[in-house]
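The structure appears below as structure tokens.
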Amino acid sequence: MKQRSLRTHLLVWQLTGLLVLCLASCPLIIWLGHVLAREVYDEVLLNSADSVLARIENDKDEISVDLPAHARKWLRHEDKDAFYYQVLGPDDRLIDCDQYIPLPHIRAKPDKHVFYNTFVDGSKVRALELRVPHPQLPPQYVSIQVAETFNTRQAFANLITLGLLMTQVLFIGGSALVIWVGAGRGLMPLRNLEQTLSHRSPSDLEPISMTDAPAETLSLVRIINDLLGQLKDHLDRQARFAANVAHQLRTPLSGMKTYVGLALRTAHDEKVKEFLGLIEQGIERLIALIEKMLLLARSDPSLLAHTINSKVDLNTVILEATAELVPHSAKKHIDLEVLPLSSPVEVFGDPLSLLELTKNITENAITYSPSGGTVQVKIESQHGISLIVEDSGPGIPKAERERVFEPFYRTSSSPEGTGLGLSIAKDIAKAHRATISIQDGDKNKGTRVVVTFPDTNGS
């Protein structure tokens, strides 16, 4: 199951809160739209009442209202609304009207106006009463009522509401972008911590620096450091235990080999000598195995990485390694060929570990090559720096080329040996950030082991 990221988690929860707030504010937005529309169109309705007032005429002691067709059309908002007016005298006597408009419950005071809602001809209208001085009897007042339907103001209220809602939608969309970007920026310290850990070597178990860690991650970094410390202690104990066991076993076995050698020199029975010879060979193999176990314990990448702090010339390494193996190759009549480069080939590493790596691969090649065969040790630098050991032995089947790096694994065609040489070589290569691979030899015969080192400038 795909895990949801913390960034997405923050975005979802913050947008959920924004959506809830926006939905809760919708009634307020609708109310605000109607309030703004009412304020605007009430002002327009008051202007309409002033227009009616301006059209009042005084003729022969009678007053009337003269509203031409174009004025009525304007008052009806281009025929989008119905518009009504009436003029009442001081005693509320009807002077002029085009449709009866009910009076408000609370009448307007002199020189004042009052807005109210009512019904005219079965339609709900917004009405206004305006009281002004009588044109012929100034001490007295006449009332002017105007009313209009809600079509235009409702459309205006809907437009305001839609605009406010669209603003909220854009606000939520912009907030999502800001939250996404902001969460990404806010999580940068975690990404930095992730990069710090991902760039570490598997053997680097030193505590993570807490100097640049944000306060929210201090507990996490502290727990990781505790875990790294416990893991380092566990690996140290394991390495010490393996080294101590191997050392304790090697001492009595060396003594047994000495006693068996003395017994061989003093024995007269050929059968006894044969058995003692077999015992001596078994002890030698057991001592070799213990030596490899000691080397395996020392070649653990978590321990070896701390010694990789200088440049080493691979030419010197292969010359020293092959010099130590000349007696072994001569005993098997193996032609051991060394091809160093004319110029120094330097890599970052531990000299002793690289010597053991070269010896293990070369000794493995000598051991499994037939008598009279060849083993070639060389360095190539055309495509990176590579240490190559090639033999004329039976080769390693492709299906087993990965498994031969496992401790104590031996191929079915090569049952001899301890099964630790290539495993030790792989651990040493890993500690040096190098890769080790097995390929077919020249003309698909024998085995070629290639160790490729990283560029010294990038190490």
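Among the numbered criteria (1) farther than 26 Å from LEU286 by Cβ; (2) modelled with pLDDT of 85 or more; (3) crowded, with 18+ Cβ neighbours inside 10 Å, which single criterion is violated by THR435?
(3)
Give ASP212, ASP121 a once-over and let me know the one that is modelled with pLDDT under 90, more than 20 Å from THR8 (Cα to Cα) and under 60 Å from the mean Cα position of the chain (by Cα).
Answer to the check: ASP212.
Which residue out of THR362, THR367 is within 48 Å of the chain's Cα centre (by Cα) and assigned to a helix (DSSP H, G or I)?
THR362
Sort through LYS271, LYS232 and tell me the only one that's of a type in the set (Lys, Arg), over 26 Å from ARG433 (Cβ atoms) and at pLDDT 75 or above.
LYS271
Collect the residues in segment 46-55 that are closer than 15 Å to LYS112 by Cβ and aliphatic (A, V, I, L, M), keeping them in residue-number order. Can you show your working first?
Looking only at segment 46-55, we keep the residues that are closer than 15 Å to LYS112 by Cβ, and these are 46, 49-50, 53.
The answer is LEU46, ALA49, LEU53.
How many residues are of a type in the set (A, V, I, L, M) and either within 25 Å of GLY182 (Cα to Cα) or at pLDDT below 85 (or both) when one looks only at segment 10-39?
Residues flagged as of a type in the set (A, V, I, L, M) and either within 25 Å of GLY182 (Cα to Cα) or at pLDDT below 85 (or both) within segment 10-39 amount to 9.
Does PRO407 fit the bill of being in contact (Cβ under 8 Å) with a residue 24 or more places away in the chain, farther than 20 Å from PRO454 by Cβ, in contact with a Leu (Cβ under 9 Å, 6 or more places away or on another chain) and not assigned by TED's automatic domain parsing to the domain that holds ASP236? Let's see the steps before the verdict.
Working: in contact (Cβ under 8 Å) with a residue 24 or more places away in the chain: yes; farther than 20 Å from PRO454 by Cβ: yes; in contact with a Leu (Cβ under 9 Å, 6 or more places away or on another chain): yes; not assigned by TED's automatic domain parsing to the domain that holds ASP236: yes.
Criteria met by PRO407.
For segment 57-76, does any single residue satisfy the condition of being at pLDDT below 85 and either aromatic (Phe, Trp, Tyr) or under 60 Å from the mean Cα position of the chain (by Cα) (or both)?
yes
Of all the residues that make up segment 77-93, how many are outside any loop (DSSP other than H, G, I, E, B) and either within 12 Å of ALA49 (Cα to Cα) or modelled with pLDDT under 85 (or both)?
Final tally of qualifying residues: 5.
Are there strands (runs of 3 or more DSSP E) fully within segment 101-198 with at least 2 residues that are closer than 16 Å to LEU46 by Cα and of a type in the set (Phe, Trp, Tyr)? List them. So that I can check it myself, show each step before the final result.
Details: elements: 113-120, 123-133, 141-149.
It comes to 113-120.
The values are calculated or read from the model by the stated rules, or taken from the named source; none is laboratory data. Every value quoted in this text rests on a predicted model; they were computed, and no experiment measured them. In this analysis, Cβ positions are derived from the backbone assuming ideal geometry, glycine residues included, and neighbour counts consider all displayed protein chains.
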